[in-house]
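Enquirer: One structure is given below, represented as structure tokens, and several questions about it will come after.
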Amino acid sequence: MSSPISTSRQGDILVVTSDNPPVNALGQRVREGLKAAIEQAAADDAIKAIVIRCEGRTFFAGADITEFGKPPQGPSLPEVCAAIEASDKPVVAAIHGTALGGGCEIALACHYRVAVPSAKLGLPEVKLGLIPGAAGTQRLPRLVGAEAALPLVVIGNPVSAKQAQKIGLVDTLLDEADLAGGAATFAKSQIGKPVPRTSEMNNNRDGVANPDIFDEFRAKNGRKLRGFDAPNAGIEAVRAAGELSFAEGVKKERALFSKLMTGTQSAAMRHYFFAERAANKIDDLAADTKPIPIEKVGIIGAGTMGGGIAMNFLSAGIPVNILEMKQDALDRGTATIRKNYENTAKRGRMSPEQVESAMGLLTPTLEYGELAECDLVIEAVYENMDVKKEVFRTLDETVKQGAILASNTSYLDIDEIATATKRPGYVVGLHFFSPANVMKLLEVVRGANTRDDVLATAMKLSKAIGKVAAVSGVCPGFIGNRMLSKRQEQANQLIMEGANYWEVDDVLLEFGFPMGPFQMGDLAGIDIGWHRDPSKVTTVREALCAVGRFGQKAGKGFYDYDEARQRTPSDEVKQIIADFATRSGTPQRDVSKQEIEERLLYPMVNEGAKILEEGMAQRASDIDVVWINGYGWPLYTGGPMFWADTIGLDTVVSGLEKYGLPVCDYLRSRAEAGKTFN
Ligand code: COA
């Protein structure tokens, strides 16, 4: 096989080009080719400078993640970077697309970095549970200072080329249309000058002069980083860059990197990286299935959900017609959308012009007829089958043929909804999660008759609006809520047996969820679906509603809330629960944290296994994608199914049996065969 690296001469410049689609990942052959090219340049007196560039859509987008966890094959990336930096002839990185991870480390090892304005640079390793491992944590602070390096290494979001130039990571911005030419001219202008080596720079002293920056950074980002190992390692590495020699710092980085690489967090996060991409693929869909163009979207319902859904499309530049039954509800919904955008603008994440252009794409209406020309209509009304069917009947009559009719239902039968139309093939579930403009997950529900092109459209659209999609078959609650109901069942049962409800929440918090089931109830509102008759009390939730404990919005639910919305357990609620337990004759006992965790999570794994058994999810990793993006399952455990794999399916089975809980055949058979889900 020919090398992905080729070289060509442009006068006294050696142009080294990588062509390794799709993203020029730095696999073994790329590394080998790069090192050989540097050696070739060193050996040839006629060559005075070197440009490293990439073909295709991007500069090196990182190490080849598929090689992680496999026996390393030389030359290693640190060796290649060292060879580049050691060159006596100036080496220029010519950057377009995304110079990420190892790609950014290559750029840091080069003597100069030039980029087109649309390029992005970053060190996203932390998102894979790692830190840069080719001296990126040591070179970057020496080049841009510790303070500017911290967010890049520890948070992992890329910066624009313009921002990179501002902090000193990029030397010059070049014409978008002529990067190769511009880079060669730039390289020529550096011939004969002493080469600036990043490892020898000393802009990293700011962290030594003011070591508080590290603690301040940690404190500022504490919530975001909770539970993750890699960010702390990143902070340590950047700090070391100021305190140690380059060689010692590199050793420190290597030690931190190796520990992370062999840990379960990184394995889980790498699993997730590929899981997210796999989830967008539908196995039995022909590759040439043509998506339907979506140029205009209709939304039924301008409440919290409808409004949030609308914002996704408006932000992506797709016009939206939003429909309500009454003018005041329509006005309120429209005003909320505007307010949300304005808040985003206040926080500096949107310009006032962007707010206006998004709002300019919104057409509020009271008339179904105005939706006639929409290519997709999403219904987000009250969760009631009769109401939904009525909406779909009307839509079928008014919206043009060939348009997709979608329901945002969170548990109702899409196939039954489709019977209200004469176009069941064009009916699909698009289950957004609240707040719909923020939450990443989109559960795409594939009905029995949903056409292939409709599904392909849903998957493509999800990317266009920045969502992570996973496909579910039709079953009550689909993937996410179906598993959630098993957790809730156990949570309710546990507090009857004597576990304190705040302990149940705290166990999940400690596991890494942003909140537990009772906190979640308070946040969503205890009164959702309440019959509104205080004299009719058959459940704890009804008892709470009967005394006005509607949740956070009422200042009290399971918890009492202070002005800062801090929660404290309530004696009143404790008594209500104790009364229920007495009446039901449930013996009270101390319930351990371990039991709480196992009883909350193992039944979810079992339900996930049933979902796979029934073919309601395409693959175990899709379930992980749903739970990580829709319900706050901690990313660093890889999602419920990957987590079960890491603790062992036999552990899950014996745990379920210990508590007398059901074990489905699929879970049992995999456990017995010593297999995993993924
Ligand atoms: N190693 C191996 N494969 C990679 C890869 C990497 N570093 N980065 C991307 N890919 C693969 C993806 O798995 C995908 O494969 P598929 O088409 O078989 O599913 C393909 O390249 C395209 O990636 P995708 O993410 O779908 O394209 P995109 O245009 O949306 O995004 C990137 C491109 C580079 C921004 C994105 O892929 C990314 O963030 N990659 C990871 C970068 C990273 O973390 N680098 C640090 C590693 S040390």
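Enquirer: Do we find that LYS339 is more than 16 Å from the ligand (Cβ to nearest atom), farther than 30 Å from GLY632 by Cβ and either in contact with a Lys or Arg (Cβ under 7 Å, 6 or more places away or on another chain) or not aliphatic (A, V, I, L, M) (or both) in this structure?
Expert: Considered against the rule, which asks whether it is more than 16 Å from the ligand (Cβ to nearest atom), farther than 30 Å from GLY632 by Cβ and either in contact with a Lys or Arg (Cβ under 7 Å, 6 or more places away or on another chain) or not aliphatic (A, V, I, L, M) (or both), LYS339 comes out as no.
Enquirer: Is it the case that LEU174 is surrounded by fewer than 21 Cβ atoms within 10 Å (Cβ to Cβ), over 24 Å from LYS127 (Cβ atoms) and either modelled with pLDDT of 95 or more or not β-branched (Val, Ile, Thr) (or both)?
Expert: So LEU174 does not fit the description; no.
Enquirer: Looking only at the stretch 143-159, filter to residues that are in a loop (DSSP other than H, G, I, E, B) and touching a residue at least 40 places away in the same chain (Cβ under 8 Å); which one of those is farthest from the ligand (Cβ to nearest atom)?
Expert: Only one residue tops the list, namely GLY145.
Enquirer: From LEU130, LEU140, LEU108, grab the single residue that is modelled with pLDDT of 95 or more, within 12 Å of the ligand (Cβ to nearest atom) and within 28 Å of the chain's Cα centre (by Cα).
Expert: That would be LEU130, the only listed residue that is modelled with pLDDT of 95 or more, within 12 Å of the ligand (Cβ to nearest atom) and within 28 Å of the chain's Cα centre (by Cα).
Enquirer: Is there any pair with a first residue in the stretch 87-113 that is closer than 10 Å to PHE59 by Cβ and a second that is within 10 Å of the ligand (Cβ to nearest atom) and basic (Lys, Arg) whose Cβ atoms are under 8 Å apart and which are 6 or more apart or on different chains, and what are they?
Expert: GLY97/ARG57; GLY97/LYS120; THR98/LYS120; ALA99/LYS120; LEU100/LYS120
Enquirer: Okay, moving on. Given the condition among the basic types (Lys, Arg) and within 34 Å of the chain's Cα centre (by Cα), answer yes or no: does some residue in the stretch 32-51 qualify?
Expert: No: the stretch 32-51 contains no residue that is among the basic types (Lys, Arg) and within 34 Å of the chain's Cα centre (by Cα).
Enquirer: Out of all the residues in the stretch 427-442, is one or more under 20 Å from PRO293 (Cα atoms), surrounded by fewer than 20 Cβ atoms within 10 Å (Cβ to Cβ) and in contact (Cβ under 8 Å) with a residue 60 or more places away in the chain?
Expert: No, the stretch 427-442 contains no residue that is under 20 Å from PRO293 (Cα atoms), surrounded by fewer than 20 Cβ atoms within 10 Å (Cβ to Cβ) and in contact (Cβ under 8 Å) with a residue 60 or more places away in the chain.
Enquirer: Can you give me the number of residues within the stretch 443-475 that are within 16 Å of the ligand (Cβ to nearest atom) and of a type in the set (A, V, I, L, M)?
Expert: 9
Enquirer: Scan the strands (runs of 3 or more DSSP E) fully inside the stretch 306-408 and keep the ones with 2 or more residues being more than 21 Å from SER434 (Cβ to Cβ).
Expert: 362-365, 404-407
Enquirer: Just give me the residues in the stretch 358-384 being polar (S, T, N, Q) and farther than 24 Å from ALA458 by Cα, in sequence order.
Expert: Answer for the stretch 358-384, where residues must be polar (S, T, N, Q) and farther than 24 Å from ALA458 by Cα: just THR365.
Enquirer: Could you list, in sequence order, the residues of the stretch 500-536 that are small (Gly, Ala, Ser) and either farther than 21 Å from ASP579 by Cα or touching a residue at least 12 places away in the same chain (Cβ under 8 Å) (or both)?
Expert: Across the stretch 500-536, the qualifying residues are GLY512, GLY516, GLY521, ALA524, GLY525, GLY529.
Enquirer: Could I ask something else about it? Determine whether VAL663 is more than 19 Å from GLY512 (Cβ to Cβ) and in a loop (DSSP other than H, G, I, E, B).
Expert: For VAL663, the condition - more than 19 Å from GLY512 (Cβ to Cβ) and in a loop (DSSP other than H, G, I, E, B) - is met.
Enquirer: Could you run through the stretch 525-563 and say how many residues are farther than 21 Å from MET515 by Cα, touching a Cys at 6+ places or on another chain (Cβ under 9 Å) and β-branched (Val, Ile, Thr)?
Expert: Residues that pass the stated criteria total 1.
Enquirer: Assuming ALA255 fulfils every condition listed in (1) surrounded by fewer than 18 Cβ atoms within 10 Å (Cβ to Cβ); (2) closer than 14 Å to LEU150 by Cα apart from one, which condition is it?
Expert: All conditions are met except number (2).
Enquirer: Separate question: Can you tell me which of (1) touching a Pro at 6+ places or on another chain (Cβ under 8 Å); (2) without any contact (Cβ under 8 Å) to a residue 60 or more places away in the chain; (3) more than 16 Å from the ligand (Cβ to nearest atom) is the one ALA49 doesn't meet?
Expert: With (1) touching a Pro at 6+ places or on another chain (Cβ under 8 Å); (2) without any contact (Cβ under 8 Å) to a residue 60 or more places away in the chain; (3) more than 16 Å from the ligand (Cβ to nearest atom) applied to ALA49, the lone miss is (2).
Enquirer: Same structure, new question: Got a number for residues in the stretch 225-243 being part of a loop (DSSP other than H, G, I, E, B) and surrounded by 17 or more Cβ atoms within 10 Å (Cβ to Cβ)?
Expert: Number of matching residues: 2.
Enquirer: Return the residues of the stretch 353-394 that are in contact with a helix residue (DSSP H, G or I) (Cβ under 7 Å, 6 or more places away or on another chain) and of a type in the set (Asp, Glu); say none if nothing qualifies.
Expert: Matches in the stretch 353-394: GLU379 only.
Enquirer: If you scan the stretch 446-481, which residues turn out to be within 20 Å of the chain's Cα centre (by Cα) and either part of a strand (DSSP E or B) or of a type in the set (Ser, Thr, Tyr) (or both)?
Expert: SER462, VAL468, ALA469, ALA470, VAL471, SER472
Enquirer: Identify, please: which residue in the stretch 111-123 is more than 17 Å from VAL144 (Cα to Cα) and of a type in the set (A, V, I, L, M, F, W, C) and is, among those, farthest from the ligand (Cβ to nearest atom)?
Expert: The selected residue is VAL116.
Enquirer: While we're here: Can you pull out the residues in the stretch 262-297 that are buried (at least 19 other Cβ atoms within 10 Å of the Cβ) and within 16 Å of the ligand (Cβ to nearest atom)?
Expert: Once the filter is applied, which keeps residues that are buried (at least 19 other Cβ atoms within 10 Å of the Cβ) and within 16 Å of the ligand (Cβ to nearest atom), the stretch 262-297 yields GLN265, SER266, ALA267, ALA268, MET269, ARG270, HIS271, TYR272, ALA275, GLU276, ALA279.
Enquirer: Restricting to the stretch 431-445, name every residue that is aliphatic (A, V, I, L, M) and outside any loop (DSSP other than H, G, I, E, B).
Expert: Passing the criteria: LEU441, LEU442, VAL444, VAL445.
Enquirer: Turning to a different aspect of this structure: Residues GLY525, GLY551, GLY512: which one is farther than 15 Å from LEU600 by Cα, surrounded by fewer than 22 Cβ atoms within 10 Å (Cβ to Cβ) and either in contact with a Leu (Cβ under 7 Å, 6 or more places away or on another chain) or not β-branched (Val, Ile, Thr) (or both)?
Expert: None of the others qualify; the one that does is GLY525.
Enquirer: For a quick check of your reading of the model, give me the residue pairs whose first member lies in the stretch 230-246 and is on the phi < 0 side of the Ramachandran plot, whose second is hydroxyl-bearing (Ser, Thr, Tyr), with beta-carbon atoms closer than 7 Å and at least 6 apart or on different chains.
Expert: Correct list of pairs: GLY234/THR137; ALA237/THR137; VAL238/THR137; ALA241/THR137; PHE246/SER199.
Enquirer: Kindly indicate the residue of the stretch 73-105 that is hydroxyl-bearing (Ser, Thr, Tyr) and within 15 Å of the ligand (Cβ to nearest atom) and also surrounded by the most Cβ atoms within 10 Å (Cβ to Cβ) among those meeting that condition.
Expert: THR98
Matching residues to (1) touching a residue at least 24 places away in the same chain (Cβ under 8 Å); (2) among the charged types (D, E, K, R); (3) closer than 30 Å to GLY192 by Cβ; (4) near the ligand (Cβ under 10 Å from one of its atoms):
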{"residue": "SER18", "(1), (2), (3), (4)": "yes, no, yes, no"}
{"residue": "GLY27", "(1), (2), (3), (4)": "yes, no, no, yes"}
{"residue": "LYS35", "(1), (2), (3), (4)": "yes, yes, yes, no"}
{"residue": "ILE38", "(1), (2), (3), (4)": "yes, no, yes, no"}
{"residue": "CYS54", "(1), (2), (3), (4)": "yes, no, yes, no"}
{"residue": "ALA63", "(1), (2), (3), (4)": "yes, no, no, yes"}
{"residue": "GLU67", "(1), (2), (3), (4)": "yes, yes, no, yes"}
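The values are calculated or read from the model by the stated rules, or taken from the named source; none is laboratory data. For clarity, every value in this text was computed on a predicted model and none was experimentally measured. Neighbour counts run over all protein chains shown; Cβ positions are idealised from the backbone, glycine included.
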